[in-house]
There are 2 protein chains.
Amino acid sequence: MPAEIINGKKISDDIKSELKAEIDKLKNQGIVPGLAAVLVGDNPASALYVKMKARACEKIGIYSEVIKRDNSSTHQQMVELVNELNQRQDIDGILVQSPLPDHIDEPGITFLIDPKKDVDGFHPVNQGLLLAGRPQFEPATPMGIVEILERSGHNPSGKNVVILGRGFLVGRPLSVMLSTKTKRTNATVTICHTGTPNISDFTKKADIIVAAMGKALFLKGDMIKPGAVIIDVGTNQIDDPGHPKGKRLVGDVDFDSVKDIAGAITPVPGGVGPMTIAAILKNTVKACKTRHDLI
Amino acid sequence: MPAEIINGKKISDDIKSELKAEIDKLKNQGIVPGLAAVLVGDNPASALYVKMKARACEKIGIYSEVIKRDNSSTHQQMVELVNELNQRQDIDGILVQSPLPDHIDEPGITFLIDPKKDVDGFHPVNQGLLLAGRPQFEPATPMGIVEILERSGHNPSGKNVVILGRGFLVGRPLSVMLSTKTKRTNATVTICHTGTPNISDFTKKADIIVAAMGKALFLKGDMIKPGAVIIDVGTNQIDDPGHPKGKRLVGDVDFDSVKDIAGAITPVPGGVGPMTIAAILKNTVKACKTRHDLI
């Protein structure tokens, strides 16, 4: 039986509709949530991503401001910009689009963002509260994965979850989140990585696999258990002479090889990607409500 | 063949000797590391633990100061005390012995400790840097476990490690530390807990098991693979009519049932316990050297 294709676009639209209803209520009280995105340099992927976030904000009524700086911006100028955004009353969330130019100390800049406006969930204080089991702002992609599992009817509680990849953005925080005791997490989590000699031994027993190691088409059908739920976080460009652009976007999962064995799978694109943006919007509304003592 | 008994006392003594040599060098430069321990109220276990830490400091040449406050101390008095210790030039590390009385906001006090003096590794900034893979001060018990594995010749790199328990003090941070890519970690880590339906399925495949769920004698011989390395973090008092005191201290591992199947095991007491204190001493020397720009 072919796997259920989990529609991340549809689920993220549901979340956005819920957020829009919340924002409409806030507006009735004269409150408009605001998100500032800082874009340094001319990396086209970064520019596209910031634009997508800004557009998503506007659609649901979040005030959005994109602040562009050129590549020659100094570390001190970035410090001043972040300090200013920390103070602004119309801004609830601050995103500094990664990567920053090499001459800017990126972790240093992240550290300066007010943790109460850190809607990316990358500030050490927010990462620390997450590890301590008292999360304030969870990082966006892992948060989107928890949402997509719950909302697609694949609650991980009590399940055997295998995460492939131990990266800072997904694998590490997700392993902590999914093993936490909440109604929508509470999974037994194994984190596999380049140091795991026999990854198939783990994936073949998993009820849910999250592929987030950044290796195109890594997870094959013969590595999974029939009926497993597969969450594909990968976004890899591969050469494809048959494609009009000569290349195409694929995940960390070999979709064609997995699709008749898995029980459910997220596509790339249209799976986890839209969930990440929805999570940032959700964090922004939370930041706004927290700042106005409405939570 | 009976399991090797891993001597945590001996290994912690080795670490203390190394630290003493470092401290002697610092003293030649006129520098004495200092550790302040704050003890509130009259909990006998807390008092004993603070005393053990103070004595360990003195033995290797760390200046130790125990600051006692009675149970009626206010939150504001604790705030002032921590601020004073943050400022003091003779104090490199600050420990606030848990638990504090209920009327004091314990996470709030932890948050006030200068992260550079947080030798317990409990401050959200230090927890966050740990999760982000850029640790400054690691929490003491997990750090002691990494040390005891390495120094007893059971390096977990490439091994299948199962952690039992997802607590804030051990399981959660240890899962992050052991899966990180370093020469002495880099393990494939599974975290099991009360939400895991079939713990034996995981423990029977593990090369290394860390038992840290706080259930007396939970892990039995029939739950492990022959030759597995067992790290017992539990400290539970159980009734024992045959014991002079009518009770005795046992771990989370049923030592007698495991000892002829495991390859190696830490005893309780004398296993992980002494390692925790050694880790705090190590963090104190690190804090001192960092503050004097010697690292």
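Brief remarks on what is shown
- Among the numbered conditions (1) surrounded by fewer than 24 Cβ atoms within 10 Å (Cβ to Cβ); (2) assigned to a helix (DSSP H, G or I); (3) within 11 Å of another protein chain (Cβ to nearest Cβ), the only one that B:N186 does not meet is (2).
- Selection status of A:S64, of a type in the set (S, T, Y) and in a strand (DSSP E or B): yes
- Counting the residues of the range A:204-221 that are within 12 Å of chain B (Cβ to nearest Cβ) and surrounded by 23 or more Cβ atoms within 10 Å (Cβ to Cβ) gives 1.
- Scoring B:G234 on the criteria (1) part of a loop (DSSP other than H, G, I, E, B); (2) of a type outside the set (S, T, N, Q); (3) more than 13 Å from chain A (Cβ to nearest Cβ); (4) surrounded by fewer than 18 Cβ atoms within 10 Å (Cβ to Cβ) leaves a single failure, condition (4).
- Residue within the range B:68-81 that is in contact (Cβ under 8 Å) with a residue 24 or more places away in the chain, among the β-branched types (V, I, T) and either within 14 Å of chain A (Cβ to nearest Cβ) or under 22 Å from B:M52 (Cα atoms) (or both) present: no
- The residue of the range A:129-167 that is farthest from the other protein chains (Cβ to nearest Cβ), among those that are surrounded by fewer than 23 Cβ atoms within 10 Å (Cβ to Cβ) and closer than 20 Å to B:F202 by Cα, is A:K159.
- Residue among A:P197, A:P173 that is surrounded by fewer than 24 Cβ atoms within 10 Å (Cβ to Cβ) and within 9 Å of chain B (Cβ to nearest Cβ): A:P197
- The combined condition, being of a type outside the set (G, A, S), without any contact (Cβ under 8 Å) to a residue 12 or more places away in the chain and more than 21 Å from B:E138 (Cβ to Cβ), is fulfilled by A:E106.
- Residue that is surrounded by the fewest Cβ atoms within 10 Å (Cβ to Cβ) [pool: residues in the range A:39-58 that are hydrophobic (A, V, I, L, M, F, W, C) and closer than 17 Å to A:A140 by Cα]: A:M52
- Residues of the range B:119-153 classified as of a type in the set (S, T, N, Q) and either within 21 Å of A:Q136 (Cα to Cα) or under 15 Å from the mean Cα position of the chain (by Cα) (or both), total: 3
- Top-ranked residue in the range A:243-277 [being of a type in the set (S, T, N, Q) and part of a helix (DSSP H, G or I); ranked as nearest to the chain's Cα centre (by Cα)]: A:T276
A short reminder: the numbers here are calculations on the coordinates, not readings from a lab. Bear in mind that the values here come from a model prediction, so they are computed numbers and not experimental data. Every residue, glycine as well, gets a Cβ built from its backbone with ideal geometry; the counts of neighbours run over all protein chains shown.
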